[in-house]
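Since the structure comes first, as structure tokens, the remarks are kept for the end.
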Amino acid sequence: MKKVIIPSVIAKTQRELDDIFAKIKNTARLLQLDIMDNIFVPNTSLDFDFWLPQSEYQFEAHLMIESPEKWIEKNWERVDTVIPHYEAVKNPERIIESLRSKKRKIGFALNPETDVDQIKDYLDEIDQVLIMTVHPGFYGSKFLSETLSKVRKLRELKPELDIEVDGGINAETIEEVAEAGANMFVSGSYLINSENIQERIDILRNKIKTD
């Protein structure tokens, strides 16, 4: 199963977003957009009418917001994959059907406290699961190694599932996460706050032996 390093993007203005894209340029193909509303999590990010350089990247939207359905209705064309938090989804079947009809990939994100059994019935209908390995809302939050038990459980339940982890992913944690069974690794502060993103991505790739 292919292993992928995914930089995550938090921005409060278009200028800040443009600066991040300039820094990331030519280092990664898939980027995660962190959408926050200061309700579901105590922070805001990309809560404005942002512009994206569509030709250069694929995007997944990690919706850390109270009303993912409203965001999807307005913004689904901007991204390739939509990952709402299961805790905020009112009707999982409806949101899966909606995104499938729009030819978009769909995943569910789970907070550290949410058990994977809650999404067990949907694993055959979605493309990926995002396990939060921190309490969401900020770059640089504390890595919670106990959440990796959910990664192991998911890998047993559905061996071919894309399992993504987000939070505290760096050179010290990524090997443990990969050994638990994850194959998609979202990294925020470790990459974005560095002077050389490509160098940091190469370090992570070497740790998990991926191209």
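Any read-out appearing in this document is the output of simple, stated calculations on the displayed coordinates, not a laboratory observation. None of these values were measured; they are calculated from a predicted model. Quick reminder, even Gly has a Cβ in these numbers, built from the backbone with ideal geometry, and neighbours come from all protein chains shown.
Things worth noting here:
- If the chain linking Glu113 and Glu179 were pulled fully straight, counting 0.36 nm for each residue of separation and taking away their Cα-Cα distance, it would gain 21.6 nm.
- Radius 10 Å from Cβ of Ala109, net charge of other residues (Lys, Arg +1; Asp, Glu -1): -3
- Along the stretch 153-164 the Karplus relation, 6.51 cos²θ - 1.76 cosθ + 1.60 evaluated at θ = phi - 60°, assigns HN-Hα couplings of 5, 4, 5, 5, 5, 9, x, 9, 6, 6, 10, 10 Hz to successive residues, with x for each Gly and Pro.
- Rounded to the nearest 0.05, the FRET efficiency derived from the C-beta distance between Asp121 and Lys74 at R0 = 25 Å is 0.35.
- Using the rule -39500 (n - 2.57) for each DSSP H run of four or more residues, divided by the residues of the chain, the 222 nm mean residue ellipticity is -8000 deg cm²/dmol.
- Eligible aspartates and glutamates near Lys12 by straight Cα distance, threshold 17 Å, same-chain separation 8 or greater: Asp34, Asp37, Asp47, Asp49
- Bridgeable lysines around Lys3 (alpha carbons under 24 Å apart, same-chain partners fewer than 8 residues away excluded): Lys23, Lys25, Lys103, Lys105, Lys120, Lys142, Lys150, Lys153, Lys158, Lys207, Lys209.
- 19 Å reach of a label modelled at Asp18, 7 Å along Cα-to-Cβ, counting backbone N of the stretch 37-51: 46-51
- Within the stretch 8-33: backbone nitrogen closer than 19 Å to the Ser55 label point (7 Å, Cα to C-beta): 18-19, 21-31
- Near Gln58, the amide H atoms lying under 5 Å from its own belong to Leu30, Leu31; only residues 5 or more places off or on other chains count, and H is placed 1.01 Å from N.
- For the chain, average projected area of the Cα convex hull in nm²: 10.5
- Here the 3J(HN,Hα) profile of the stretch 179-195, calculated from phi with Karplus coefficients 6.51, -1.76 and 1.60 at θ = phi - 60°, is 5, 6, x, 6, 10, 10, 10, 8, 10, x, 4, 4, 8, 5, 8, 8, 7 Hz, Gly and Pro shown as x.
- Distance from the Cα centroid of the stretch 182-211 to that of the stretch 84-160 is 22 Å (rounded to whole angstrom).
- For the stretch 4-208, a simple Cβ point-charge model (Lys and Arg +1, Asp and Glu -1, everything else neutral) yields a dipole of about 320 debye relative to the Cα centre.
- For the stretch 28-41, 3J(HN,Hα) computed residue by residue from phi via the Karplus equation (6.51, -1.76, 1.60; θ = phi - 60°) reads 8, 9, 10, 10, 9, 9, 8, 9, 10, 10, 6, 10, 5, 10 Hz, glycine and proline entered as x.
- Pair Lys103, Glu156: separation of 7 Å Cα→Cβ label points (nm): 4.0
- Percent RCO, i.e. relative contact order, over the stretch 40-181, from Cα pairs under 8 Å lying at least 6 residues apart: 18
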